[in-house]
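Worksheet for the structure shown next.
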Amino acid sequence: IDNMVRVLRLDGAEPQPADPAGLEDLLEQHRRSGLRLAATIDGTRRPLPGGVAWAAYRILQEALTNAARHGNGSADVVVDFGPDAIEIAVTNTHRSNEGSGPGRDGGHGIIGMRERAALLGGTFDAAAEPGMFRVKAHLPYNAGAAP
């Protein structure tokens, strides 16, 4: 139970709807806050099971927060509603004085994203390249309905 509580730490956030509109609303919130986003949503939008919806929302939220905090003010986002899973990819440039990008400040963002994906039987990858930071999550739909 302790591991699940740690994975699902909510930081005071309210649950988001289990439909794709929650992800689109999140993108719009970050645009309004000044983050320049190039966003592509592929595949047939579909309602997501509760646990998958929560994980997708929180992973996208954390990736966009990292892009705003550590990047140059822009990010590329791809959300793909595949036949068996939703995939989320966020890529952004990071400031050269930031070293290897997000995750160096002792926060739990990358760890939390990885744990959320793993809890659902999915995968998560974060990679820093010269001047660029990328996260990618693969969350299977059949992972269950409870957050």
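The values are calculated or read from the model by the stated rules, or taken from the named source; none is laboratory data. Quantities reported herein were computed from a predicted structural model and do not represent experimental measurements. All accessible areas refer to the heavy atoms of the entire protein, side chains included, with ligands and DNA or RNA removed. Shrake-Rupley method; radii C 1.70, N 1.55, O 1.52, S 1.80 Å.
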Heavy atoms of HIS70: accessible area, 1.4 Å probe, square angstrom to 10
10 Å²
Overall Cα dimensions of the stretch 23-64, principal axis frame, Å, largest first:
31, 20, 14
When the chain is fully extended, how far beyond the present Cα-Cα distance does ILE41 get from VAL78, taking 0.36 nm per residue of separation?
12.7 nm
